[in-house]
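Remarks on the structure that follows.
What follows is calculated from the coordinates using simple rules that are stated; it is not laboratory data. Note that this is a predicted model, so its numbers are computed, not measured. Here Cβ is always computed from backbone atoms with ideal geometry, including for glycine, and neighbour counts include all displayed protein chains.
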Amino acid sequence: MTTPVIASAHELVKVYGAGATAVRALDGVDVDLVRGELTAIMGPSGSGKSTLMHCLAGLDRPTSGTVVVDGQTVSSMSERKLTALRRTRIGFVFQAYNLVPTLTALENITLPLDIARREVDQAHLDLVVETLGLTDRLGHKPSELSGGQQQRVACARALVARPAVVFADEPTGNLDSTSAAEVLGFLRSSVDDLGQSVVMVTHDPTSASYAHRVLFLADGRLVGELRDPTAEGVLAALTGLTARPTGAP
Amino acid sequence: MVRVALRGVRAHLVRFCLSVLAVALGVAFVAGTFALRTMLSSTFTDIVATTTLGDAYVRGSEAAGGTGGPDRISPEVRNPVPLTLVGDLEAVDGVAAVLPDVQGPLVLVGADGTAVQSTQAPSFAFAYDSRDPAVDVVDGRAPQAADEIAVESATLSASGLAVGDATSVVVGGEVRPVTVVGEIGLGAALAGATVVFLDPATAEASFAPDGTVATIAVLADDGLSEQQLVDRLAPALASSGVPAEAVTGDEVREQSTANILTVLGFITTFLLVFAGISLFVGGFIIANTFSMWVRQRTRELALLRAVGASPLQVFTSIVLQAAIVGVVGAILGVAGGLGLVVVLRGVLGTFGMDLTGRVPVDGFTLVVSVLVGTLVSVLAAALPARRAALVPPVEALRDEVLLPERSLTRRAAVGIALVVLGVAAVVVALLDPTADRAGAVLGIGAGAVVLGVLAASPVLARGFLRVVSMPFAAWRPVGPLARGNVTRNPRRTANTAGALMVGMALVGAAAVIAATTQASTSAIVTQEATTDYILRGAAQGTVPEQAITDVRALPDVKAADTFATASVLVDDAPFAVTGIDPTAVGRSIRTEVVEGDFPGALAAGEVAVQRTTMDDEDWSLGEELRFVGSSGVETLTIGAVIDSPAFGVPFVVSQDVLDPLFPPDEQRVTTVFVTAADGADVEALRGELTAAVRPYVVVSVMDSEEFVSDLAEQVDRVLVILYALLGLSVVIAVLGIVNTLALSVIERTREIGLLRAVGLGRLQLGTTITLESVLTAVFGTTVGLVLGVALAATLPTVFADVGLRTLAVPWGSLALMLALAVVVGVVAALWPAVRAARLPVLDAVSTE
């Protein structure tokens, strides 16, 4: 629990399909993600960034290699253990369709706790809800919330169970810039103020600039990283990445 | 767009298959019901066609009283014709053979020593004549002496006897030891009737002791048409001086068939009503499936619009796919429906009711079923298709596509209006139950109430499910999830439950009717019968006269009261009349007298009439009626008006009045009430009675409780078929739920993925879907049962006249049904739940 690494991948390979049509989405990725940091994973379309996140989060099984999350080897877990891991150690924020439409905002937030039949830590819940400015929206159904509010509810849900790590897949992909800034600001402050670890996949340099560290992926390989990035720095690195011949280290 | 439509079918094969299944289920129900109806009527018309082979028939030309109905195919009663005519007819040029129709009731004792009988089917004997083309000796030989019989093939196998076995028959109350010498094939399934052949002399002595028969069949020489034969017979009949006429075989067959169909009218009407309901239920499942189907594909359709398809093209493509689904489903459904009927025939066969072996495929069934499947599919798809076609193309770009849900207000308003009208009609029927059309008004009212409830059921579902799911709210996370899912789209939940609701309404009504019938029967017996023991003839047979004499001779018997029934013509209309000993009133039966002095009137040679008949015929006390029997005519005064379901016939007279009207062999005594002598040991009397009637084989001794349960058993046996059909509707409703659930699992793929991603276990997911299914099933069952029971509860008021007087609600059975609903819900959820649990989490969360 005291290691600085919250999640790591070693020699991670993911192949989709077989034979001539096989696609190597991940081609030997080695990465350590640091506890208490907001890490952004970037790369052009098809670079394998979403696949990497799915494998790290135990949503997808790698073809070979190992994934360790919070000291547990995810890549060799049974489906039952994966389910337990997801409900206790991992939080998710997806690009869209984050909320169960039949449940209220509050019920959505406490859903992982309900599933795990755990007590709700009321003080923590209040803190999260207040930080996200959702206090007066708790009784609403998702269809009565704006896109930004829906993503904030999703963030609250990911954080309320105090997971070891939160995985966010293009969390601001569907949001206007104001809402996006709110959500990203919150993810960052959850790291700075609450000590949460967050991993975020994005293709937007501005979003990535909120991170402590940005990893760049291209053609299934890790091709670079930036610490304490700015939007301009990320953009420059990304431009260099796409200009570079494919497959280069 | 045709290509898009076809690709659409191919790309969503599972959805396509489920939609086809829905159509097939609905159509199977319709086709099965129609085919069953066809099979029943063709079984009976087959009997006529294969047994009525005469080219011409000679029959009486004047109306007359007689035993009529039960023993003869024609309910029309005519004067009998003498056997002496046979000689005259044989002398006519062109006549090949003359076959007098000598037949009558007979009870065959089977291998196990009891009477051979099956539910409601008659048991009778014919004279064997080798010239009769309908009969064919398939084993052994024809009967040639009084102690020989031949038995029809199906009867033989039901009896357990074999050719060469010795057994007994009971004819005219007399037990005769006989040997089975042959097996006879009739070439038609007899629907359970027991048929025995006697040699002509014995048959004539037993069934035509006065030398008369109802009809004489005449066979023509080759080359002579039926009409020519009739023309040649007419002069011979005219010169004989007997009031008789000759008619063609075709005419008789036509009349017999028509008569049978009239007798079967109740069943036919029932099955038609059932087919209508099945159509409705099937349509429900189909419409439900299509509205979900269109909703799921809204995004794809919006994309088509975005790339330039006109609303009409989108609409056409959906309707075209619906038509493909409809035709394929309908064809499968017809096959399934016929399969169901074959199974049902097997089931009925084990109850002893043989039906025709022909696979009942007729053009009408095929056309109606396929048309229904296709039309309902297209119509069901048309409404959602119209909505989908008008979706703005921009919707394709949005993530969550929500079709604008119309508000439920309109459905609720229509539903409430229908329920109010229906209840009004029911109340009208209840307030004036004796009105001519009370039954019809009640039926229409009941139909309107059911339709209204179905229309308003989404609103009902929302309220009901919110309340019923309350206890599960604390069962996190399963409870709130399941509750949210069933109340999210009340229209869908209501439609899913709709089929079950209709099925359960029928089950509830049937359960109440059955319980009420039995309670009424038992009330009649306990209120009206004050007798110690009851003697009953088996196989609807009579109690032999000698047995009655023997019983009366027992020292412990105070009286054995008989109820002799015959069919009489009153004002030229046939009625049933019962003759009793006037002293039996108050001794073995107790009757409610409306007007006059019942025993006094009987003793004075007057007639007592049931109140309902008095009302129907508009007679009044003291009026004189002319009774025409087969051996006499009498004018009787109405001396009393009674209200007695126990008698069950319109007229009651003294035995002394009945005797001159009918010879003893035309009076049927099926029940004898035995009263113990004062101070006699009633328990011991039972043994004495049993010993006294044992030689007569066919008589059973019962106390009033056994009598009630015997009557109840007869009711039950009739209800078995009803239950089988209702079972079918429930099975189809269950499959409908499976279908809707499976489709809704597909629809919710992403939501399920999300739930799994945040840690919902497979078992929890499966439990959620099962709970949804159970809630839906319980909703459908509860509303259906409430409807069925409430509507059926009105029957005793409206139909008191036909014997439904005591309302009984079988709470136990109803509770069982509700428990069954839970089972139904669990069973229906099995496949969808497994399917949902197996969805890979990643497939579910990643965009399509």
(message) With both bridge residues required to lie in the protein assembly as shown, what share of the DSSP beta bridges run antiparallel, to the nearest 5%?
(response) 75
(message) How large is the convex hull of the C-alpha atoms of the range B:533-702 per residue, in Å³?
(response) 111
(request) Please identify the helices of chain B, taking whole runs of DSSP H, that span at least 30 Å along their own axis as judged from the Cα atoms and have a mean Kyte-Doolittle score of 0.5 or higher. (result) B:13-51, B:265-296, B:311-350, B:363-389, B:409-431, B:438-468, B:490-528, B:704-747, B:762-792, B:811-838
(message) How long are the semi-axes of the equivalent ellipsoid of the range B:57-263, taking √(5λ) for every eigenvalue λ of the Cα gyration tensor, in whole Å from largest down?
(response) 30, 18, 16
(request) Among the GluC sites (Glu not before Pro) in the range A:110-156, which ones are in a DSSP loop with at most 15 other Cβ atoms within 10 Å of the Cβ? Mind listing them? (result) A:Glu119
(message) If you average the C-alpha positions of the range B:291-309 and of the range B:603-663 separately, how far apart do those two centres end up, in angstrom?
(response) 75
(message) How large is the Rg to Rh ratio of the range B:612-753 when both quantities use alpha carbon positions and Rh follows Kirkwood?
(response) 1.28
(request) With N denoting the number of residues in the range B:407-518, provide Rg(C-alpha) divided by 2.2 N^0.38 Å, to two decimal places. (result) 1.32
(request) Under a cut-off of 27 Å between alpha-carbon atoms, report the lysines in cross-link reach of A:Lys49, not counting same-chain residues fewer than 8 places apart. (result) A:Lys14, A:Lys81
(request) Report, largest value first, the span of the C-alpha coordinates of the range A:126-249 along each principal axis, in whole Å. (result) 52, 27, 23
(message) Checking the a/c ratio against 1.5 first, then a/b against b/c, what shape does the Cα gyration tensor give for the range A:31-138?
(response) prolate
(request) Note down, for the range B:137-212, the three equivalent ellipsoid semi-axes (square root of 5 times each alpha carbon gyration tensor eigenvalue), biggest first, whole angstrom. (result) 20, 14, 12
(request) May I ask you to list the trypsin sites (Lys or Arg not before Pro) in the range B:595-674 that are in a DSSP loop and have at most 15 other Cβ atoms within 10 Å of their Cβ? (result) none
(message) For the range A:5-243, place one equal point scatterer on every Cα, skip the solvent, and apply the Debye formula. What is log10 of I(q)/I(0) at q = 0.13 Å⁻¹?
(response) -0.77
(message) If you take every residue apart from B:Ser631 with its C-beta less than 10 Å away from the C-beta of B:Ser631, what net charge results, scoring Lys and Arg +1 and Asp and Glu -1?
(response) -3
(request) Normalise the Debye intensity by I(0) for chain B, one equal point scatterer per Cα, no solvent, then take log10 at q = 0.05, 0.06, 0.11 Å⁻¹ and round to two decimals. (result) -0.38, -0.53, -1.26
(message) If I take all pairs of Cα atoms in the range A:1-79, what percentage of them are more than 15 Å from each other?
(response) 56
(message) Let me check I've understood the local charge: for B:Ala146, count other residues with C-beta under 14 angstrom from its C-beta, Lys and Arg +1, Asp and Glu -1. What total comes out?
(response) -4
(message) Taking 0.36 nm per residue of sequence separation and subtracting the Cα-Cα distance, how much length would be gained by fully extending the chain between A:Thr66 and A:Thr239, in nm to one decimal?
(response) 59.2 nm
(message) Can you report the principal axis dimensions of the protein assembly as shown using only the alpha carbons, biggest first, rounded to whole angstrom?
(response) 126, 71, 52
(request) Whole Å is fine, so just give me how far the alpha carbon centre of the range B:730-792 lies from that of the range B:429-466. (result) 27
